[in-house]
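Participant: Mind looking over this structure? Questions follow.
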Amino acid sequence: MSQTQALARKWRPRNFSELTGQEHVVRALTNALEQNRLHHAYLLTGTRGVGKTTIARILAKSLNCETGVTAAPCGTCAACMQIDAGSFIDLIELDAASNTQVDNMRELLENALYAPTSARYKIYIIDEVHMLSKSAFNAMLKTLEEPPAHVKFVLATTDPQKIPITVLSRCLQFNLKQIPHIQIVDHLSKIMVQENIQNDTPALQLIARAAQGSMRDALSLLDQAIAFGQGNVEEAGVREMLGVIDQGYLFDLLDALTQKDGLKLLSLADAMEAQCLSFDAALQDLSALLHCIALAQTVPQAISEDTPEYTRIFKLAKAFAPEDIQLFYQIALHGRSDLSLAPDEYAGFTMTLLRMLTFMPDDGLSNSQLLPASSVNSKPPVDDGKPQPASAQTIQPSSRTAAIDPSALEWPQLIQQLKLTGMAKMLAQHSEARLLSAEKIELCVPDVHKHLLEKKYQDKIQSALNTYWGQPVMLNFSVGNVTGQTPVALQQRAEEEKQAKAIAAMEQDPIVQELIEHFDAKLIVSSIKPIQK
């Protein structure tokens, strides 16, 4: 029984015309070969799997093809076939990661002085060249300064910053790009036709996204998907293989946000936890979805009509204001970076969702929904010499502030009356009041959130305060240490207290205690959720 060759090896490009995604490099090398303007040392940089070694081998064939130096090697002569097979005696490939010492480099360079055995040029391909020691680089430098006419170096690296500038300056450098998602999908689709394997486009899109710009990784994942699906490559199987979040969950989460339904958000998070889905991956995919929605809002033509869930993306684009999507995107990114600091992934994920819900604008609620009926009337408030709020048709204070002692003000309660939205609300929620009166307010923002201190957000808070008090208020912001009294911190402590009480209630429940005592049961603390009232 013959062994099946891996797709990454079987479909490795044999000439420049078969390369995908590196047109800028192909064009430059093609022109140089056609005009016989050859350099003695080439440096190929780029992330894994984008074609560095492949280009190096094609270049070796171009220089040594028996038809002559050409941009289109024949592929059938002895030199081309031996290079493809890895048996060409004048092509020396060295992995610098396992040959870092100067002695190895000196031996290699001494052999470079001798003429090729049978080829036009002796080609040295040094992979991960940045791993060479300083002494090895110094040894190489002399040969690069005065190279023999019959020697060509092709250096490849994923980290060009570690290569000495003296070496860089003597190489012709090409930066290979990560291959665009759409080109990977197109290439995989062509391979599936050639291999006669049943597949669907969404499955190939998932593989391309997981490959992160690496064609080699994409082909390896495709091999894995073929095996996983027993010869078929379909979306459900690939999603399961990669552990990718079902996009339906993400759309449902955003739908719940449009309805401001906190219970639905937590219910969806519970369903995701029950399926052991990665909340880190969920936040990553949620960020990607929010990016698509932002594009749909600002540059709708950028979203292709064959994009999965095209209709739902544009439905959500209409349901949210652009600034809300920008805010959710920032919250999702911060939530993902903070996930390792959370008590557990479930808590970190749900806290991120609750943060989105907290900063949702209240524009859909009328004044009568926000305030007691007695507060909404046409009668002006009694003038008792205290600062009076603006009319109820703009921003209404609560009934306790109709004639308030400024010393009794509390910043979290005041924020609720200002009807701030988006990033301005987020800035207010992450601020702690150092001084609070009807005439002057000083707020401190912790260093970790200083990026919120943009002037336009400060101006929105200033305007809301002026309107609320019906007079100019002096507002100052500073960055420094806070004592934990920001509205967000207070809310988080309240949630933690609710959680602690829920756990204590379960631990003290007689039935639970009996189960533990008689049946050796264990209480799974992470599954306990406080009742939402």
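The values are calculated or read from the model by the stated rules, or taken from the named source; none is laboratory data. Because the structure is predicted, anything quoted here is derived from the model rather than measured. In this analysis, Cβ positions are derived from the backbone assuming ideal geometry, glycine residues included, and neighbour counts consider all displayed protein chains. Ligands, DNA and RNA are stripped out before the accessible areas are found, and what is left, the full protein with its side chains, is counted by its heavy atoms. Shrake-Rupley method; radii C 1.70, N 1.55, O 1.52, S 1.80 Å.
Participant: In this structure, is PRO472 open to solvent by 100 Å² or more (accessible area, probe 1.4 Å), over 27 Å from MET356 (Cβ atoms) and not aliphatic (A, V, I, L, M)?
Facilitator: So PRO472 fits the description; yes.
Participant: Looking at the structure I just gave you, is ALA78 touching a Ser or Thr at 6+ places or on another chain (Cβ under 9 Å) and open to solvent by 20 Å² or more (accessible area, probe 1.4 Å)?
Facilitator: Here the answer is yes, as ALA78 does meet what is asked.
Participant: Taking region 23-53 on its own, how many of its residues are without any contact (Cβ under 8 Å) to a residue 40 or more places away in the chain and either in contact with an Asp or Glu (Cβ under 6 Å, 6 or more places away or on another chain) or part of a loop (DSSP other than H, G, I, E, B) (or both)?
Facilitator: 3
Participant: Let me ask another. Output the number of residues of region 99-130 satisfying the condition of being under 23 Å from LYS142 (Cβ atoms) and of a type in the set (Gly, Ala, Ser).
Facilitator: 2
Participant: If you don't mind, there's one more thing I want to ask. Within region 1-22, can you find the residues that are loosely packed, with under 12 Cβ neighbours inside 10 Å and without any contact (Cβ under 8 Å) to a residue 24 or more places away in the chain?
Facilitator: MET1, SER2, GLN3, THR4, GLN5, ARG9
Participant: So, one more: Is it the case that LEU263 is at pLDDT 90 or above and farther than 26 Å from SER337 by Cβ?
Facilitator: So LEU263 fits the description; yes.
Participant: Going through ILE313, ILE303 one at a time, which residue ends up being modelled with pLDDT of 90 or more and touching a Cys at 6+ places or on another chain (Cβ under 7 Å)?
Facilitator: Answer to the selection: ILE313.
Participant: Enumerate the pairs (first residue in region 232-259 and modelled with pLDDT of 85 or more and crowded, with 19+ Cβ neighbours inside 10 Å; second residue anywhere and assigned to a helix (DSSP H, G or I) and among the basic types (Lys, Arg)) with beta-carbon separation below 7 Å, excluding pairs fewer than 6 apart on the same chain, so at least 6 apart or on different chains.
Facilitator: Close Cβ pairs (under 7 Å, with a partner that is assigned to a helix (DSSP H, G or I) and among the basic types (Lys, Arg)) amount to ALA256/LYS264.
Participant: So LYS522 ticks every box in (1) more than 30 Å from ALA274 (Cβ to Cβ); (2) not in a strand (DSSP E or B) but one. Which box is left unticked?
Facilitator: (1) is the only condition that LYS522 fails.
Participant: Sticking with this structure for a sec: Taking region 342-358 as the search range and keeping residues that are buried (at least 21 other Cβ atoms within 10 Å of the Cβ) and hydroxyl-bearing (Ser, Thr, Tyr), which one is farthest from SER527 (Cα to Cα)?
Facilitator: THR352
Participant: Just one of (1) assigned to a loop (DSSP other than H, G, I, E, B); (2) at pLDDT 90 or above; (3) of a type outside the set (Phe, Trp, Tyr) trips up ALA296, so point out which.
Facilitator: (1)
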